[in-house]
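Visitor: One structure coming up, written as structure tokens, with questions to follow.
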Amino acid sequence: MKKLFRIYFFLFSLSFYGQNDTISVVYHTENDFVIPKNTKIVYRGFLNEVFIDVPNSKSFEVEGIGVSKKEKNTYNINPSSGTDVIINISGVLKNGKKFSEKQLFKIRNLPNLQMNINNLNGFQVRMQKQNLLNAVIKGSFPDKHIGLNCTIKSFELRIPGYSSFHIDGNKIKEEYYKKIHSKVKIGDEIVICDIRFSVNINALICKINPIVIEIY
């Protein structure tokens, strides 16, 4: 009988907890670069902006290392050392009951930006010479949770035995392709380097890969 009572009490407790609305709502705002917005990840070196609310609360407070309030329901998380950030949310419900809970975010470092040509990833790729015409240089982050846009402003194109070309934009246009076509043969390696770019966030990204293209 005692065993049945304990099981009943446990199930009742779960049911009551599931039906009350003391659970906070926490997600990255539209201004934040983390995607999807309900992802419990923050990146070191940045102010990660999150929305926090507690439905049916009279008042609540948010505390945590590196956590600061920006405006109503909007908070910044600036993670430092460690692997986790714990956000403590506590307050009073409209019925007068006190509540307290924790939200855990994993801390990650921003990975290096990876450059590719015609969506071919890697430090070294193989291409046929004709595919260099209007080939597009792009930059992307390997972490799928990073929603940042990278704009390629210019790059240098080096051909064995010749001076390098400076190309503005992100594409090998026809005027440069004609020079490449007349000077490059099968087996040669072209190098795209000194890639200048910008991302839509104030981020210091120093290390990016050049692209070595083997012509076959």
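The values are calculated or read from the model by the stated rules, or taken from the named source; none is laboratory data. Quantities reported herein were computed from a predicted structural model and do not represent experimental measurements. Note that each Cβ is placed from the backbone with ideal geometry, even for glycine, and that neighbours are counted across all protein chains shown.
Visitor: Assess whether residue 51 counts as being more than 29 Å from the chain's Cα centre (by Cα), modelled with pLDDT of 95 or more, assigned by TED's automatic domain parsing to the domain that holds residue 91 and not acidic (Asp, Glu).
Guide: No, not satisfied.
Visitor: Then there's this: Looking only at the range 174-189, how many residues end up being closer than 16 Å to residue 213 by Cβ, touching a residue at least 24 places away in the same chain (Cβ under 8 Å) and out of contact with any helix residue (DSSP H, G or I) (no Cβ under 7 Å at 6 or more places or on another chain)?
Guide: Number satisfying all stated conditions: 6.
Visitor: Moving on to the next point. Quick one: in the range 129-142, which of the residues that are at pLDDT 95 or above and in a loop (DSSP other than H, G, I, E, B) is nearest to residue 46 (Cα to Cα)?
Guide: 135
Visitor: Of all residues in the range 196-214, which are surrounded by 17 or more Cβ atoms within 10 Å (Cβ to Cβ) and either at pLDDT 95 or above or not assigned by TED's automatic domain parsing to the domain that holds residue 153 (or both)?
Guide: Those that are surrounded by 17 or more Cβ atoms within 10 Å (Cβ to Cβ) and either at pLDDT 95 or above or not assigned by TED's automatic domain parsing to the domain that holds residue 153 (or both): 211, 213.
Visitor: Residue check: is residue 186 among the β-branched types (Val, Ile, Thr), on the phi < 0 side of the Ramachandran plot, exposed (fewer than 13 other Cβ atoms within 10 Å of the Cβ) and modelled with pLDDT under 95?
Guide: When the stated conditions are applied, residue 186 passes them.
Visitor: From (1) touching a residue at least 40 places away in the same chain (Cβ under 8 Å); (2) in the same structural domain as residue 28 (by TED's automatic domain parsing); (3) under 24 Å from the mean Cα position of the chain (by Cα), pick out the condition that doesn't hold for residue 151.
Guide: (2)
Listed here are the residues, each with its yes/no results for (1) of a type in the set (Val, Ile, Thr); (2) outside any strand (DSSP E or B); (3) modelled with pLDDT under 95.
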| residue | (1), (2), (3) |
| --- | --- |
| 7 | yes, yes, yes |
| 23 | yes, yes, yes |
| 42 | yes, no, no |
| 81 | no, yes, yes |
| 89 | yes, no, no |
| 92 | yes, no, no |
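Visitor: Given the conditions (1) at pLDDT 95 or above; (2) not in a loop (DSSP other than H, G, I, E, B), report the number of the one that residue 114 does not fulfil.
Guide: It is condition (1) that residue 114 fails.
Visitor: Further question on the same structure: Identify the single condition in (1) in contact with a Lys or Arg (Cβ under 9 Å, 6 or more places away or on another chain); (2) of a type outside the set (Gly, Ala, Ser); (3) closer than 30 Å to residue 199 by Cβ that residue 111 does not satisfy, given that it satisfies every other one.
Guide: (1)
Visitor: Identify the single condition in (1) in contact with a Leu (Cβ under 8 Å, 6 or more places away or on another chain); (2) under 30 Å from residue 106 (Cα atoms) that residue 198 does not satisfy, given that it satisfies every other one.
Guide: Every listed condition holds for residue 198 apart from (1).
Visitor: Take the residues in the range 146-183 that are assigned to a strand (DSSP E or B) and basic (Lys, Arg); name whichever of them is surrounded by the fewest Cβ atoms within 10 Å (Cβ to Cβ).
Guide: Looking at the filtered set, the residue picked out is 153.
Visitor: For the range 137-147, indicate whether the set of residues that are farther than 30 Å from residue 84 by Cα and either of a type in the set (Asp, Glu) or touching a Phe, Trp or Tyr at 6+ places or on another chain (Cβ under 9 Å) (or both) is non-empty.
Guide: yes
Visitor: Select from the range 96-142 the residues that are under 30 Å from residue 53 (Cβ atoms) and buried (at least 16 other Cβ atoms within 10 Å of the Cβ) and list them in ascending order.
Guide: Across the range 96-142, the qualifying residues are 99, 103, 105, 107, 108, 110, 141.
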